[in-house]
Amino acid sequence: MDIQHVRNIGISAHIDSGKTTLSERILYFSGKIHAIHEVKGKDGVGATMDSMELERERGITIASAATNVTWKDYEINLIDTPGHVDFTIEVERSLRVLDGAILVLCSVAGVQSQSITVDRQLKRYHIPRLAFVNKCDRTGANPFRVKDQLREKLNLNAVLIQLPIGLEDKHKGVVDLVKMVSYMFDADGNLTEGAIPADMMEEAKQHRQEMLDALSMFDDELMEKVMEDEDPGIELIQKAMRAGTIAEKLVPVMMGSAYKNKGVQPLLDAVLAYLPCPADVENKALDLNNDEAEVVLPSDASKPSVALAFKLDDGQYGQLTYIRVYQGRIKKGDELYNVRAKKKFKVGRLVRMHASSMEDITEVSAGGIAALFGIECASGDTFCNPSLNYSMTSMYVPNPVISLSITPKDKKASDNMAKALNRFTKEDPTFRTYVDPESNQTIIQGMGELHLEVYVERMKREYKAEVETGMPQVAYREAITKKADFNYIHKKQSGGAGQYGRVAGFMEPLEEGDYEFVNQIKGGVIPSEYVPSCDKGFRSCLEKGRLIGFPIVGVKVTINDGQYHPVDSSDMAFQAAARGAFREAYEKAGARVLEPIMKVVLEGPAEFQGAMMGSINQRRGMIVGSGTEGQICMVESEVPLAEMFGYSTNLRSLTQGKAEFSMEFLRYAPAPRNVADELIKKYVEKRKNESEE
């Protein structure tokens, strides 16, 4: 396949904007599937891309799914991503390997909270996009308002390239402003091209002029023609639109209704015309043999191969590794080198995915997305030809904010739980697990209640591991508020060589970062080989604070004096001295408890605005902004995570199930005195009970 005829695209949007419905229609119209099934359909089949049983039950996308379709001799690799912020890593890893995206927006709700998060992710990976205003058949649909919101809220240069022919229940089709024709759709989505309705001609001319003015920034020839009032022609318009879109300086806005099969074919044409092929995007790797110098990877099949493993999936046939090839080509039987693990391996089975089914292929070229079987690797590994030692930059992984304790019911469940946790942590970098050394409980950490709930449910279904969950636990932190000096001598004599080390200096709050160590030792009062031992000793104290037993952040430790003994000083002695010094200073440094604050955005009918705001105030929340657009009210707030447990049930009962909320981590902030005192009291009691046992 000619690389100019390949498109790697993703579909991103807020929850319930119609991403999976749109991908189902794309599969149908491109001939990949022969019958359409709905996300929450009554036939019990569910959408093709939601292949997991849990996804079909809940009607949400949990894991991103990849497929491959052909449209007008072009090959499109398509990834459908989740909308819930809890599964944000699925979006991150998909965007890491895509060249373009379709940003789906609801024509009634417009730019919602999650649209803002998704847009931020698209900007982080420099991904050009088309906007598709979906659900134009719904009551209250207004694509023009959505275009204005794209400009105001997301700061995008949104330009209409279509106009709706009728809205709400009268929505019949769209006017194409590039070709100046109308597309009408029947109930089955069959497209009829015709003249623009006479009553819309003036409006179409006016919007076309606006479109040409915006495009004239990207092509001098087009600008000249526009200034001389000449028609620039379709080819020139498409060339300028493509240039602006790929440069991320323009977002073409299209519209339709995926559910009613309207507007999908013109959207696919626009993907071919305006979104980049792999060769249009500059991808870089780091050359590990040359001091991590940046190298540009040309999408050239004749060069040595470089690929990135962006997603792992443990299916019934073993581990499946999704790869995106950036340079060269990978064939069955080729030898590749895993840069992180420093191991070579042979490519056995090579497949192309279609949701949960697959087809075998013999090779995949630069720009292609495929999957390998039975390879031992981690998410984010780089595979390259053994002659190279390149590493691709990995994706952004947010830290987990919520944890749960899980206890297996019996020995069999314990074994199955271990298998499940091993698989899930490998697949999902935001899902972490560890055993708490004090309580000996298994703790799982994730991005939100839904995230952990889904994994616990998957353990029960896929691994038959019956587990009980404990109370959700918040990832608190401890920090210091003022400067404190230390001067500590560690002395131990017990026959033979003893231990001796003195460490002096001060600790102070650090504005940025978790920990910084400064060495100001002069005159060799502590020999240079023992300075790293001091650093190690201080670092070990950060893992568990003395107030509530959570990690300590924001500490800068400076050592400026000390003493050693030619015989009794050792690495261990100075580590112990540093630990003693840290404890001494921490008592005086005004330690306090920090709690995670979440950005919570509520959306619901305007009649419930008072109830929604009240529910935030009751939870120690702070309302940052609110507004109403039509019948929809939006409340932006900052709320401590500790107060958000069980909020979804509470919000549903307050708003008759009509409001929804999304939540993501914002920052750490000092916990109020009463909350901190309660946490300290519980920790003291817990330690007391443990010492008695």
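The values are calculated or read from the model by the stated rules, or taken from the named source; none is laboratory data. Bear in mind that the values here come from a model prediction, so they are computed numbers and not experimental data. When we count neighbours, we look across all protein chains shown, and the Cβ atoms used for this are built from the backbone with ideal geometry, even at glycine. Surface accessibility is based on the protein's heavy atoms, side chains included, excluding ligands, DNA and RNA. Shrake-Rupley method; radii C 1.70, N 1.55, O 1.52, S 1.80 Å.
Does Ser691 count as surrounded by fewer than 16 Cβ atoms within 10 Å (Cβ to Cβ), closer than 15 Å to Ile616 by Cα and more than 26 Å from the chain's Cα centre (by Cα)?
no
Would region 527-545 turn up any residue that is over 32 Å from the mean Cα position of the chain (by Cα), part of a loop (DSSP other than H, G, I, E, B) and not hydroxyl-bearing (Ser, Thr, Tyr)? Outline the logic, then answer.
We begin by selecting, within region 527-545, every residue over 32 Å from the mean Cα position of the chain (by Cα); these are 527-538.
Still in the running and part of a loop (DSSP other than H, G, I, E, B): 527.
Narrowing the set further to residues that are not hydroxyl-bearing (Ser, Thr, Tyr) leaves 527.
Checking region 527-545: at least one residue is over 32 Å from the mean Cα position of the chain (by Cα), part of a loop (DSSP other than H, G, I, E, B) and not hydroxyl-bearing (Ser, Thr, Tyr).
Within region 483-498, does at least one residue satisfy the condition of being closer than 30 Å to Ala676 by Cα, of a type in the set (Phe, Trp, Tyr) and outside any loop (DSSP other than H, G, I, E, B)?
yes
Take the conditions over 25 Å from Gly368 (Cβ atoms) and of a type in the set (Lys, Arg) and apply them to Lys260. Does it pass?
Answer is yes for this residue.
All but one of (1) assigned to a helix (DSSP H, G or I); (2) open to solvent by 60 Å² or more (accessible area, probe 1.4 Å) hold for Val226; state the number of the condition that does not hold.
Unmet condition: (2).
Check Leu272, Leu312, Leu268, Leu288 and return the single one that is surrounded by fewer than 18 Cβ atoms within 10 Å (Cβ to Cβ) and under 20 Å from Ile11 (Cα atoms).
That would be Leu272, the only listed residue that is surrounded by fewer than 18 Cβ atoms within 10 Å (Cβ to Cβ) and under 20 Å from Ile11 (Cα atoms).
Looking at region 348-370, which of its residues are among the β-branched types (Val, Ile, Thr) and surrounded by fewer than 20 Cβ atoms within 10 Å (Cβ to Cβ)?
Val351, Ile361, Thr362
Among the strands (runs of 3 or more DSSP E) lying completely within region 587-646, list those that include at least 3 residues that are among the small types (Gly, Ala, Ser) and either farther than 30 Å from Asp485 by Cβ or open to solvent by less than 20 Å² (accessible area, probe 1.4 Å) (or both). Write out each step before concluding.
Numbers: elements: 592-605, 622-629, 632-640.
Answer list for region 587-646: 622-629.
In the set Arg329, Arg324, which member is under 21 Å from Thr393 (Cα atoms), open to solvent by 40 Å² or more (accessible area, probe 1.4 Å) and of a type outside the set (Gly, Ala, Ser)?
Going through Arg329, Arg324 in turn, the sole match is Arg329.
Output the number of the condition that Ile79 fails; it satisfies all remaining conditions of (1) assigned to a strand (DSSP E or B); (2) at pLDDT below 80; (3) open to solvent by 10 Å² or more (accessible area, probe 1.4 Å).
Tallying (1) assigned to a strand (DSSP E or B); (2) at pLDDT below 80; (3) open to solvent by 10 Å² or more (accessible area, probe 1.4 Å), Ile79 fails exactly one: (3).
For region 371-382, which positions are more than 26 Å from Gly100 (Cα to Cα) and either without any contact (Cβ under 8 Å) to a residue 24 or more places away in the chain or buried (at least 20 other Cβ atoms within 10 Å of the Cβ) (or both)?
Ile375, Cys377
Please indicate, with yes or no, whether at least one residue in region 457-472 is farther than 25 Å from Tyr564 by Cβ, open to solvent by 50 Å² or more (accessible area, probe 1.4 Å), under 22 Å from the mean Cα position of the chain (by Cα) and without any contact (Cβ under 8 Å) to a residue 60 or more places away in the chain. Explain how you work it out, then say what you get.
So in region 457-472, the residues farther than 25 Å from Tyr564 by Cβ come out as 457-472.
Now drop any that are not open to solvent by 50 Å² or more (accessible area, probe 1.4 Å), which leaves 457, 460-462, 464, 466, 468-469, 471.
Subsequent filtering for residues that are under 22 Å from the mean Cα position of the chain (by Cα) retains 457.
From what is left, the residues that are without any contact (Cβ under 8 Å) to a residue 60 or more places away in the chain are none.
Scanning region 457-472 turns up no residue that is farther than 25 Å from Tyr564 by Cβ, open to solvent by 50 Å² or more (accessible area, probe 1.4 Å), under 22 Å from the mean Cα position of the chain (by Cα) and without any contact (Cβ under 8 Å) to a residue 60 or more places away in the chain.
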